[in-house]
Amino acid sequence: MPDTQALVNDFLNKLKKRKIEGSQATARQTAELLRSVISQQRVPYTNQAGALIDAVKAIGEQLIAANPVELAVGNIVRRVLHIIREEDLSLTTAAIGGLNLSAVSDDENDDDRDGDSTLSAAAVAAAARSTLRPPSLQTLLEDTPVSAAVPQTSSSGGDSEGKTADKSSRSRKLKHDVIEAVNELIQDIVTCHEQIAEQAVEHIHQNEVILTLGSSRTVLEFLFAAKEKKRSFRVFVAEGAPRYQGHLLAKELVARGLQTTLITDSAVFAMISRVNMVIVGAHAVMANGGVIAPVGMNLVALAAQKHAVPFVVLAGSHKLCPLYPHNPEVLLNELRSPSELLDFGEFSDCMDFGSGSGSPLLHVVNPAFDYVPPKLVSLFITDAGGHNPSYMYRLIADYYSADDLVVQRRATAGN
Amino acid sequence: MDSRRSSRAVIDPKVRQVGFFTSAPLPPDRTQSDPPDPIRSPPLADASSPGNSLSPVMIPPPRHPSDSLLRLPHSPSDAFPPPSPTTTTTSLGDFSDDVTAASSPPPAAARVRGRGSSVKQQGAASSFPGGGFEVPPSVKAPSSVPASGLTTVSVVKLPPGISVEVQSDRALNSKPLKEKTSKAERRAIQEAQRAAKAAAKAEGIKTPAVTALANAKSAKSTKPSPQRNDSAVVVAASEKKGGDRSVEKDRKKDVPHPRMQYDDKSRVQKLKKRSVVKPTEARNRVELFRHLPQYEHGTQLPVLQSKFFQLDTLHPAVYKVGLQYLSGDICGGNARCIAMLQAFQEAIRDYSTPPAKTLSRDLTAKISSYVSFLIDCRPLSVSMGNAIRFLKSQIAKIPISLSESEAKATLHSDIERFINEKIILADRVIVKHAVTKIRDGDVLLTYGSSSAVEMILQHAHELGKQFRVVIVDSRPKHEGKLLLRRLVRKGLSCTYTHINAISYIMHEVTRVFLGASSVLSNGTVYSRVGTACVAMVAYGFHIPVLVCCEAYKFHERVQLDSICSNELGDPDSISKVPGREDINHLDGWDKSENLQLLNLIYDATPSDYVSLIITDYGMIPPTSVPVIVREYGRGQLWIYEECDPLASPGRCSDAVFFVDGLIFYPSQHLVLSFWFPDRPPSGLNNDLLERSDNFVTVAENGNFTNFEL
């Protein structure tokens, strides 16, 4: 236990200090951290799932608070919670299937309704789907036992003591399964580039002209995959001030033999009329299909829309955030240091100027992210295939359970 | 008022009247309106003025009718409505009498005379307007007057050598209209003028035969300037006009000339042979922009600097300016244009015509060589192109009879006037207009650094308006930083950000003010790269976009994208980020075959994104740009030339000065410009009047006479 705490603290520090760059790295490290948390967690004899969920939530809460803008952290925490629930559910349904304890379930069902009224139909459906039994007509008709099982498994602080006898047999199995599944998740995160890149040839044709902004590993792999398949095409890279990650991307592309043109961000509008497709990475994808992306992306998306150029967003599934954005430009954004824009030394004399009230005359605004509304996005390409923005909510329902949408009980920041 | 207006109409000596008012239902102004080829023919421009006199509307009618008119047979006295013969006004004071007299004259008088020799006739005609009415001074006037008895003379250039002078009174038509409008309205408000025009039209239709009056004032104004220069100029111009008419027409079709395409190898070769600067081709040229010059940057400057003392073909002043362009010390449309013109001024001052050559030819060639040098240093901006066209046409207009020193003095003052009126005064007018669009509590966003916008912001601040400024900047020039510094120094509250954050900052913005390098006639705003992005986002947020641009930067070219014509900057400034040593990813990579660095300088903002264009002619929608280009584009300059009292008070006798700096040219269709209260025109004493009732006229010798309405 103490060593996990140390790990957690270390990771928290990194998050707070923004030492971890990129949502993929963050996601992977979060998943690894949670894996070790789970493996260290002492499981009580009863209600193992509940204990695991509590432990993960407690840590997840801290992690999210450490960097509320890095949505990948919350995503992974929720994914892990979802995994725990699913594993538990599958075990439970197996048990139920074997023992057919419908009466007990019914009783518990009442309890749970009192305690946890936030169950949504979506969660029920997800749970139903994830059980080994497909939703046949019969299961729909005999709805009661299934739905009974769901609340039981998903109750967070649940004190379901009914099934103690059954669980003893699978107590060790749950933790093992969960860790197994988290490993799979980590694997997914690590390999999502490849899975996305595999689809590249389906989207890039010969002599295509592609524009991208900033740098994204996913985009790089995607373009390179197409290049490897002997497609020849040109890439315009907008440099993505103030971080100028575009330079990095351009360098990588050139190193791999792609025809690359580096342009300033201001030239995006001028050049986009000659571009066939915009392919960009994302920081996070919201449930409504909106995209949180590096600053400047909205500009590109608007220009693309004006010229009817497809705007394609590449996003690994760890970037899918189950939340709906509210005022994302402000709430899901952070302001970076003005020194990226202005040299303090250069402007120190001006900055001293202040009106009588003490408010300075000069403000420097340097946001880190942009929000691209779903209507500007033509297509999402995830490791689960291509999807419309309007479908993202459904995709998200596959990865998360509705109970976990709100990880923090008290604080609202970051959610 | 009436008298004044009428006088105006009467006055125009050079106006070519197109004639059919009587028979044709077309309002006379239409026919007249035909603007001369803006570049070449000053007289035509003058001619258009009569149209104006009819309708003081700022925007003249379409030209086609005029063309048809031009083709009219000379003979047709019938064709033209008989203008009332104007009585020459004897005294200034007698307006009313004159007017009545004018109106009374019989319509039957024949206005049109075919003239065998265009030159001579025209000279007479031109002189006539000026002198004809003036009682004492006009020598030539009498001759012309007796013949037609017309108040206004319009010279129509027939294609080759034949000029028809139609004299008609437009004053009549215009007069009724004008009574209603106040002076101030006329000059300042386009709308008012438009209305007036409409009215005028109507009137013209109703009473085609009405005669115009000559009022004393008009007479005065018409009075030919005593200097022979003017008349000579006119003659020359008219001459040219007659001869060149068809040529000009052809040229019109081609205008604007196709630009140099740098992917045309043979032409590039030719160009290279000529050029002083020997640029080396950039290594990795951007494929899409092969048609633009892409040369190695940074190599020419040292070479040129070393050549400074070896190049005798170039005037040092021009040379210096070229170097400044090259090094980027001078940038911005206005600054570059002014620097260039001033260099030309110096060059002209030091110029002497070689033996056996004529000044106009040789000087034009000289200027052309300067210009091509400047192009080598940096491609011309549209504003500079327009200024050069102006200068060349001025040179071409110089009569041969003029002595060299006089000609040089004329050109000097012409250039001076161009700078003052087209740039400095225009900016003042723009500021006046734009400030009305700033309210307390506004958050104004601007992009890059536009001199006009800066003046607007400062002026609004001086007026005590409470507003905040958002300065959006972009790589690689970071011009916004300089603007930021200046504004903060002045005490304006500023927010600074970069162009990627535009959608973040746009939430709080209420107005967007943008500068422009040029406004093209399809309404496209050609400006610093990134302007289109800003306008697009503002449009998306439903925030008004106001583009501030002096009218001399308007151009009749059209453009839909930013690719076909543009300018490329130094690619190396893309790969390096000054002040950010950590951004060095491209060090060493920029030599790679596959990497191209594109540093666009301009982009084209579609007119949909532009709510308003603020020019010296007022605030117009982008759809009105072609109107300004066509009717005021370069023709305007001629009007200034004829009557700008600032430069030569004697030349234009009908300018009206007001205390607040406004100048009104009653006889021209140009309505307003400004003089500087701190720098009054020579000879202008404290007789300036309030705009309400009084005004001042200028006597021929530069003395100003107080004049009361």
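Summary of values
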quantity	calculated
Relative contact order for segment A:232-361, counting Cα pairs under 8 Å that sit 6 or more residues apart, in percent	20 percent
Mean Cα-pair separation over length for segment B:422-562, i.e. relative contact order, pairs under 8 Å, 6 or more apart, %	26 percent
Between segment A:170-248 and segment B:402-418, the Cα center-to-center distance that results, in Å	68 Å
Integer Hz, Karplus 6.51/-1.76/1.60 couplings in order for segment A:316-330, x for Gly and Pro	x, 5, 5, 8, 6, 9, x, 8, 9, x, 10, 6, x, 4, 9
Amide H contacts under 5 Å for B:Ile613, placed H, 5+ residues apart	B:Val547, B:Ile620
Residue pairs, from the table A:Lys17/A:Lys319; B:Lys273/B:Lys307; A:Lys319/A:Lys375; B:Lys273/B:Lys366; A:Lys306/B:Lys422; B:Lys272/B:Lys307, whose Cα atoms sit over 24 Å apart	A:Lys306/B:Lys422
Segment A:1-58 and segment B:470-538: distance between their alpha carbon centers, rounded to Å	46 Å
Under 22 Å between alpha carbons - lysine pairs in segment B:425-532 that sit 8 or more apart or on different chains	6
Label point distance in nm, A:Gln206-B:Leu271, each placed 7 Å from Cα along Cα→Cβ	3.4 nm
Whole-Hz couplings from phi, Karplus 6.51/-1.76/1.60, listed for segment A:40-50; x for Gly and Pro	7, 5, 6, 9, x, 5, 9, 6, 4, 4, x
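No value in this document is a laboratory result; all are computed from the given coordinates. Model, not experiment: these values are computed from the prediction. For neighbour counting, all protein chains shown are included, and Cβ atoms are generated from backbone atoms with ideal geometry for every residue, glycine included.
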